[in-house]
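What follows is a short report on a single structure.
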Amino acid sequence: MKRIAILGSTGSIGTQTLDIVQHAPEKFQVEALSGGYNTKLLIEQIKQFNPKLVSVATKELADEVLKNVSSATKVLYGQEGLVEVAAATEADLVVTALVGSQGLKPTLAAIEAGKHIGLANKETLVSAGHIVTDAIRKRGVSLLPIDSEHSAIFQCLNGENASQVSKITLTASGGSFRDRSREELEGVTVEQALQHPNWSMGAKITIDSATMVNKGLEVIEAHWLFNLSYDQIDVLIHPESVIHSYVEFVDNSIIAQLGNPDMRVPIQYALTYPDRYSTPTKRLDLASIGKLHFREMDYNRYPCLRMAFESGKQGGTTPTVYNAANEIAVARFLKGEITFLQIEQVIESVLLKHQSFSNPELEVIHEQDLWARSFAESIRF
């Protein structure tokens, strides 16, 4: 039986992880959960899965949870609570499903505690890839990707010689507005942006998919996960989201991973690696799909993806700033403060103002993250 902890158990990845656990209770034991602000759902999860430790965002929320659960569950809050959920239990694997850069500190704590990592929080590698991958090597733990694209590449590389990889291609659905021109993006609403055609995801990631920031973050993450140069990473629009990504080798052979767009498949693979078990998901029926389509990436149409490649190549604190600026820009869009197209303008303005620090320590990363957020918040149109 594998013991797991989940950072972000009430979000999209967290709830789907627990769905897998529910379908195979003999294989998994939930040791700890963190649930942010959604105490109603977290209380339900506690009663169903009986974790030894949980964490929420604030003391007030912790008091609310304590009134509704057994004394057998320890309830913590804040950043310290997240770190304890990540590192202070007997969990073998920590699923990091937090949204944004808040996942960095608890992920590093989990690694230091010798936990294997199921990584769904791409911002952790974007902000501090050099630090995280170095910690992984020193502690000898596994970093198992949960994003469907990175899971696909990970599976395609199983048993292969990494030195014989020519390039990898991350596929992209194109997001909510993939069939619209830039002119047709003027005045689009939050509600329209949140209508993803293929995947069931949280609000922030759904907006990131529409701007292609999500794919940009995945490009930077792939650089660190697979030790590839940015020139070895391509992006291709694939509207059906059936081919999740593929690897091209030096002999021009291509190995791809296919499946229905259901996050429970890559989540479960990270939970059970190197084994595979049956899942509660549907089989892929290519005959019923009939055709698969592909479009070359247009970096003028999706400037946020261009900026991600540029940020990754510059390195240092630039990817941190790219990510932080986007988090603020998306939050402002969701609140109605800026338009959809102004998301990319905020990111570009912050990047142009930023003076990058090379090979930064955690303290510098944190300082630049805060600077980028403050500046992104101050921009007015």
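The values are calculated or read from the model by the stated rules, or taken from the named source; none is laboratory data. In this text, all values refer to a predicted model and were calculated from it rather than measured experimentally. A quick note on method: Cβ atoms are made from the backbone with ideal geometry, for glycine too, and the neighbour counts reach across all protein chains shown.
Worth pointing out:
- Test: Ser245 is under 30 Å from Asp92 (Cβ atoms), touching a strand residue (DSSP E or B) at 6+ places or on another chain (Cβ under 8 Å), among the small types (Gly, Ala, Ser) and in the same structural domain as Ile168 (by TED's automatic domain parsing): yes
- When Ile343, Ile347 are checked against the criterion of being touching a Cys at 6+ places or on another chain (Cβ under 7 Å), buried (at least 18 other Cβ atoms within 10 Å of the Cβ) and not assigned by TED's automatic domain parsing to the domain that holds Leu108, a single residue qualifies: Ile347.
- In region 92-114, the residue that is surrounded by the most Cβ atoms within 10 Å (Cβ to Cβ) out of those that are within 12 Å of the chain's Cα centre (by Cα) and modelled with pLDDT of 95 or more is Val95.
- Arg180 vs. criteria at pLDDT 95 or above and over 19 Å from the mean Cα position of the chain (by Cα): no
- For region 302-333, filtering for residues that are within 17 Å of the chain's Cα centre (by Cα) and among the hydroxyl-bearing types (Ser, Thr, Tyr) leaves 2.
- Long-range neighbours under 7 Å by Cβ, at least six apart or interchain, first residue surrounded by fewer than 18 Cβ atoms within 10 Å (Cβ to Cβ) within region 352-381, second of a type in the set (Phe, Trp, Tyr): Lys353/Phe375; Val364/Phe357
- Selection status of Val321, under 23 Å from Ile220 (Cβ atoms), in contact with a Leu (Cβ under 8 Å, 6 or more places away or on another chain) and not assigned by TED's automatic domain parsing to the domain that holds Thr169: yes
- Residue in region 173-193 that is closer than 14 Å to Pro261 by Cα, touching a strand residue (DSSP E or B) at 6+ places or on another chain (Cβ under 8 Å), touching a residue at least 60 places away in the same chain (Cβ under 8 Å) and in the same structural domain as Val250 (by TED's automatic domain parsing) present: yes
- For region 36-48, the criterion of being of a type in the set (Lys, Arg), part of a helix (DSSP H, G or I), surrounded by fewer than 24 Cβ atoms within 10 Å (Cβ to Cβ) and more than 20 Å from the chain's Cα centre (by Cα) is met by at least one residue.
- Any hit, region 136-143, residues being under 12 Å from the mean Cα position of the chain (by Cα) and either modelled with pLDDT of 95 or more or buried (at least 22 other Cβ atoms within 10 Å of the Cβ) (or both): no
- Across region 26-33, a minimum of one residue is classified as touching a Leu at 6+ places or on another chain (Cβ under 6 Å) and on the phi < 0 side of the Ramachandran plot.
- Only one entry of Val69, Val75, Val54, Val21 meets the criterion of being over 25 Å from Leu119 (Cβ atoms) and either in a strand (DSSP E or B) or in contact with a strand residue (DSSP E or B) (Cβ under 6 Å, 6 or more places away or on another chain) (or both), and that entry is Val75.
- If the condition is being in a strand (DSSP E or B) and in contact with a helix residue (DSSP H, G or I) (Cβ under 8 Å, 6 or more places away or on another chain), then region 244-257 contributes His244, Ser245, Tyr246, Val247, Phe249, Ile255, Ala256, Gln257.
- Region 293-308 - residue that is touching a strand residue (DSSP E or B) at 6+ places or on another chain (Cβ under 8 Å) and surrounded by 14 or more Cβ atoms within 10 Å (Cβ to Cβ) and, of those, farthest from Arg180 (Cα to Cα): Leu305
- If you go through region 183-205 and keep only what is at pLDDT below 90 and of a type outside the set (A, V, I, L, M), you end up with Gln195, His196, Pro197, Asn198, Trp199, Ser200, Gly202, Lys204.
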